[in-house]
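Colleague: Let me begin by handing over the structure; questions about it come next.
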Amino acid sequence: MHRILARQTLSPNVTRLDVHAPRIAQIRQAGQFVIVHLAENAERIPLTIADSNPETGAISLVIQAVGKSTHELVGLNIGDSIRDVAGPLGHPTEMIAAGHALCIGGGVGTAVVHPIAQGLHQRGVRVTSVIGGRSREWVIFERELQRYGQVVVCTDDGSYGRKGFVTDAAKEILAADKVDMVYAVGPVPMMRAVANLTRGLGVRTIVSLNPVMIDGTGMCGGCRVSLGGETRFACVDGPEFDGHLVNFDELQDRLSTYREFEQRSIACAAGTCRMEKNTSSPA
Amino acid sequence: MSARITTKQRMQITRQAMPEQAAAARAANFLEVNLGLPERLALLEADRCLQCKDPRCMQGCPVGVNIPKFIDLLTAGKIAEAAQSLLCDNALPAVTGRVCPQETQCEAVCVRAAKGLPVGVGYLERYVADWARDHRDQLPQVRPQPTGKKVAIVGSGPAGLTAAGELARRGHDVTIYEALHKPGGVLVYGIPEFRLPKKIVAQEVERLTAAGVKIECNVVIGRTYTIPELQEKFDAIFIANGAGLPVFMNVPGENYKGVYSANEYLTRINLMAAYDFPRSDTPVLNGQRVAVVGGGNVAMDAVRTAKRLGAQAAMIVYRRTHDELPARAEEVHHAEHEGVKFEFLTAPVEVIGNDKRWVTGMKCQKMKLGEPDSSGRRRPEVIPGSEFVLDCDVVVVAIGTRANPLLTATCPDLKLNKWGNIVADENGQTSIPGVFAGGDIVRGAATVILAMGDGKKSAQAIDTYLAGIPKPAGLTMAA
């Protein structure tokens, strides 16, 4: 069992949980994730580790409530426990050793950008972050990222920072400054737009993918993505890939596989749907 | 052997049929198909064993169960002793009694098979093992003298559990590391409830933990700890982390929504209980027409599962014929009775989807059998111009797995073959002293019982290895 040590609401549906997982807190590296399994009947959910504290044994997970299982996770309070946390999984971020990195985060993806910026900063790389959200309340990790370099904030509605998309701000920075590597994490359309932008400029771009995943150890193949026409498993080969090679259309499509199920699951949890009779359950 | 019954009388008894759920009923539920022999039939079946002086059945058993001995004890009314004898040879008899391909092992070489049907060794093993599960208090608890030697086992599947049982019985301090949240490996994520109830796996695991075996779930070796890190804490290591990555067909359309690997399909349903959605949170696409590609045990498990989830058509698509199906005979037989359709001599060339990228069918080619290939099986050859579309809304790919790189990539001294499987000798010894390996990570995809055989042999080799190293535990073995 893994106790919740701290809890913080970052946005209307984004919550940060600090979870006790001492071994993972000790060895995790930027870019790695854990699989979280709240209870017996819950889903296994992959979550990127946003931060850790080896002294308290805490790992920080930033969770956007989307399906029933994520809603239950964000509903946890200090002292509650998560049944299973496995990791750290996936490859650590490919970091440049020197130069200038542009870190772009959209929405909850900003939490994933955080350890990357942190790691780059520790290596002495100059970091510029561009982060965004729909409006002011959706902008997260701004203060944390400011520790590692300049932060440009964008909101879709202009309620905070610049009005517009993160790609607009990124485009200006790429035009004005030499950038050695771009790291982009956020919704699929955002990562696709960044990859399209940097492809033309010839700037290597790393994206972190979050496909449907079950075991996280390579066993199920549900997280397969197409990379330059070849199949890769996000859990063992990723989760970070060369953004210029990722088939984002396919990724977005596969992410929609269980949308109807998610809605049914939420409705049932809220008591607004009748539990379906299931004749095929074991005794 | 008692003179209660003559050989002639034994020969006159015909093989007892395994009672099973009626096909129509079981095709709509996940309850176990085989119900187990009742006492009377089990004792009758046991009397069919001729108690050969040179029992060939034992040589046919990968874990070397003393088959005539436990059957003889059973016929003599000493079931507790029969159970003890069986458990001494086989750490998981309730599992093997259900999932072993007896027809190619012990029963294949039974002398009674020469004239008629072999002794139902699997049925009797299951009978005795189930008795043992229900009467644990009647079995002596032998507590071995602790040796002070520590062994780490990677993976709690059939190989790992077997090795754990053997090593614990010899007094070693055993810790199993399991990557998933529940112990059992393929026994819980792969093999369906109707063939191997999860309760039975849980009880077998519990018997091992009661014997002192420690199991730590959610530990991914290669990530949470590496093999070199384990070497610092343990005197020996047995790697049995299983098959790993599913192989896909590499045809267009394979990433459409509705295409699963058999591992994903079965894991969703078995481990994550997707059959019980929305009570269970993990969903699975309930296909109306499910095409399962492949002809092995995993394919049979997947297609029979699809049937139980309500598929109107549950189909096996296999490029050879019925005679070449690698699956266990009973599984094929059960699938046929449950209404599974078999598309033989058929090979997929493309998965077809609609404009929303949902699977709507699979373009296939008809095949014919040509000359035998290196495996001795006749090679399937394409019949030109034979393409057709098989309508389906879910495709399950069950054509095998390849080695998982997670562990091996973080242990550079471990010698691998060209497919990424760990190289180990017949005793499981790898290229690193004190590190042994067995099961699918060595063999590629094989069976539960072969993995168990590896676990048993490796445990014996580990025991010998441990006897040769100095007593104080916890010493560093890194070279």
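Every read-out reported here was derived from the displayed coordinates using simple, explicitly stated rules and does not represent laboratory data. Quantities reported herein were computed from a predicted structural model and do not represent experimental measurements. Positions of Cβ are generated from backbone atoms using ideal geometry, with glycine treated the same way; all protein chains shown enter the neighbour counts.
Colleague: Which order do B:Leu73, B:Leu416 fall in if you start with the one that has the fewest other Cβ atoms within 10 Å?
Modeller: B:Leu416, B:Leu73
Colleague: Taking a threshold of 25 Å on the Cα-Cα distance, which of the pairs B:Lys341/B:Lys368; A:Lys68/B:Lys199; B:Lys150/B:Lys182; B:Lys233/B:Lys457; B:Lys182/B:Lys341; B:Lys198/B:Lys233 fall above it?
Modeller: Distance filter (> 25 Å) returns A:Lys68/B:Lys199; B:Lys182/B:Lys341; B:Lys198/B:Lys233.
Colleague: State the Cα centre-to-centre distance between the range A:1-72 and the range A:145-188 in whole Å.
Modeller: 26
Colleague: Right, another one. With 5 Å bins from zero, work out the P(r) of the range B:7-138 over every alpha carbon pair and list the percent per bin.
Modeller: 2, 11, 21, 24, 21, 12, 7, 3, 0, 0
Colleague: Under a straight-distance cross-link criterion of Cα-Cα below 21 Å, which lysines are reachable from B:Lys8, leaving out those fewer than 8 residues away in the same chain?
Modeller: Of all the lysines, those that pass the test against B:Lys8 - Cα under 21 Å, at least 8 places apart if same chain - are B:Lys53, B:Lys69, B:Lys115.
Colleague: What trypsin sites (Lys or Arg not before Pro) in the range B:1-66 are in a loop by DSSP, with at most 14 other Cβ atoms within 10 Å of the Cβ? Working shown, then result.
Modeller: Details: sites: B:Arg4, B:Lys8, B:Arg10, B:Arg15, B:Arg26, B:Arg40, B:Arg48, B:Lys53, B:Arg56; in loops: B:Arg4, B:Arg15, B:Arg48, B:Lys53.
Qualifying residues, ordered by number: B:Arg4, B:Lys53.
Colleague: Once you have all Cα-Cα distances for the range B:354-435, histogram them in 10 Å bins from zero and send the whole-percent values.
Modeller: Spelled out bin by bin, the range B:354-435 gives 13, 23, 22, 23, 16, 2 percent.
Colleague: Taking R0 as 51 Å, what FRET efficiency do you get between B:Val142 and B:Ala28 from their Cβ-Cβ distance, rounded to the nearest 0.05?
Modeller: Efficiency for this residue pair is about 0.70.
Colleague: Let me ask another. By how many nm would the segment from A:Gln8 to A:Glu137 lengthen if fully extended, with 0.36 nm per residue of separation less the alpha-carbon distance?
Modeller: Working: separation 129, 0.36 × 129 = 46.44 nm, distance 1.36 nm.
That pair, A:Gln8 and A:Glu137, stretches by 45.1 nm at full extension.
Colleague: Sticking with this structure for a sec: Can you give the Rg and Dmax of chain B based on its C-alpha atoms, in angstrom?
Modeller: Gyration radius and largest Cα-Cα distance of chain B: 23.2, 75 Å.
Colleague: Most exposed first by the Cβ proxy, i.e. fewest other Cβ within 10 Å, how do A:His20, A:His2 rank?
Modeller: Values: A:His20 18, A:His2 23.
Sorted ascending by nearby Cβ count, the order is A:His20, A:His2.
Colleague: Report the extension gain between B:Thr104 and B:Asn417 in nm, rounded to one decimal, defined as 0.36 nm multiplied by the number of residues separating them, less their alpha carbon distance.
Modeller: 109.9 nm
Colleague: Moving on. Based on the Kirkwood radius over alpha-carbon pairs, what is the Stokes-Einstein translational diffusion coefficient of the protein assembly as shown at 4 °C with 1.567 mPa s viscosity, in µm²/s?
Modeller: 46
Colleague: How far apart, in nm, are two points set 7 Å out from the Cα along the Cα-to-Cβ line at A:Met1 and at A:Glu55?
Modeller: 2.7
Colleague: With labels modelled as points extended 7 Å from the Cα through the Cβ direction, what inter-label distance (nm, one decimal) is found for B:Gln59 paired with B:Ala114?
Modeller: 1.3
Colleague: Quick check of the Kirkwood formula: for chain A, what is the inverse mean of 1/r over all pairs of different Cα atoms, in Å?
Modeller: That comes to 19.4 Å for chain A.
Colleague: How would A:Asp253, B:Asp413 line up from fewest to most surrounding beta-carbon atoms within 10 angstrom?
Modeller: Ranking A:Asp253, B:Asp413 by Cβ neighbours within 10 Å, fewest first, gives B:Asp413, A:Asp253.
Colleague: Taking only Cα atoms of the range B:248-400, what ratio of Rg to Rh do you get with Rh as the Kirkwood inverse-distance radius?
Modeller: Value, to two decimals: 0.97.
Colleague: Okay, moving on. Contour minus end-to-end for B:Lys199 and B:His322, with contour as 0.36 nm per residue of separation and end-to-end as the Cα-Cα distance?
Modeller: Extra length from B:Lys199 to B:His322 when fully extended: 41.0 nm.
Colleague: Next question, about the same structure. What residue among A:Gly158, A:Gly105, A:Gly132 has the largest mean-square fluctuation in a Gaussian network model of chain A, using Cα springs under 10 Å?
Modeller: For chain A, modelled as a Gaussian network with Cα springs under 10 Å, the answer is A:Gly158.
Colleague: For q values of 0.12, 0.15, 0.20, 0.21 Å⁻¹, compute log₁₀ I(q)/I(0) with the Debye formula on a Cα-only model of the range A:100-203, without solvent.
Modeller: For the requested q values the scattering log ratios are -0.32, -0.51, -0.94, -1.04.
Colleague: Shielding of B:266-279 by partners, i.e. mean partner chain Cβ atoms within 10 Å per residue?
Modeller: Taking the mean over all residues of the peptide, I get 5.
Colleague: Kindly provide the trypsin sites (Lys or Arg not before Pro) of the range B:367-445 that DSSP labels as loop, not H, G, I, E or B, and whose Cβ sees at most 12 other Cβ atoms within 10 Å. Numbers along the way, then the final one.
Modeller: Details: sites: B:Lys368, B:Arg377, B:Arg378, B:Arg402, B:Lys415, B:Lys418, B:Arg443; in loops: B:Arg377, B:Lys415, B:Lys418.
Sites meeting the loop and neighbour criteria: B:Lys415, B:Lys418.
Colleague: Report the normalised scattering of the range B:73-157 as log10 I(q)/I(0) at q = 0.12, 0.17 Å⁻¹, calculated by the Debye formula with identical scatterers on the alpha carbons.
Modeller: Log10 of I(q)/I(0), two decimals: -0.48, -0.83.
Colleague: Per DSSP H run of at least 4 residues, take -39500 (n - 2.57); add these up for chain B, divide by its residues and hand me the 222 nm value, nearest 500 deg cm²/dmol.
Modeller: -9000 deg cm²/dmol
Colleague: I would also like to ask the following. Per DSSP H run of at least 4 residues, take -39500 (n - 2.57); add these up for chain A, divide by its residues and hand me the 222 nm value, nearest 500 deg cm²/dmol. Please report the intermediate quantities before stating the final value.
Modeller: Working: 9 runs with 79 residues, N = 283.
Roughly -8000 deg cm²/dmol at 222 nm, from the helical runs in chain A.
Colleague: Still on this structure: Going through the DSSP H helices of chain B, which span 24 Å or more along their own axis at the Cα atoms while scoring at least -0.5 as a mean Kyte-Doolittle hydropathy?
Modeller: B:448-467
Colleague: With chain A treated as a Gaussian network of Cα nodes joined by springs under 10 Å, which of A:Gly106, A:Gly216, A:Gly119 yields the largest mean-square fluctuation?
Modeller: A:Gly119
Colleague: Additional query: Can you bin every Cα-Cα distance in the range A:1-131 into 5 Å intervals starting at zero and give me the percent of pairs per bin, rounded to whole numbers?
Modeller: 2, 11, 20, 23, 19, 13, 7, 3, 1, 0
Colleague: According to a simple spin-label model (label point 7 Å from Cα along Cα-to-Cβ), what is the distance in nm between B:Thr209 and A:Asp168?
Modeller: In this crude label model, A:Asp168 to B:Thr209 measures out at 5.7 nm.
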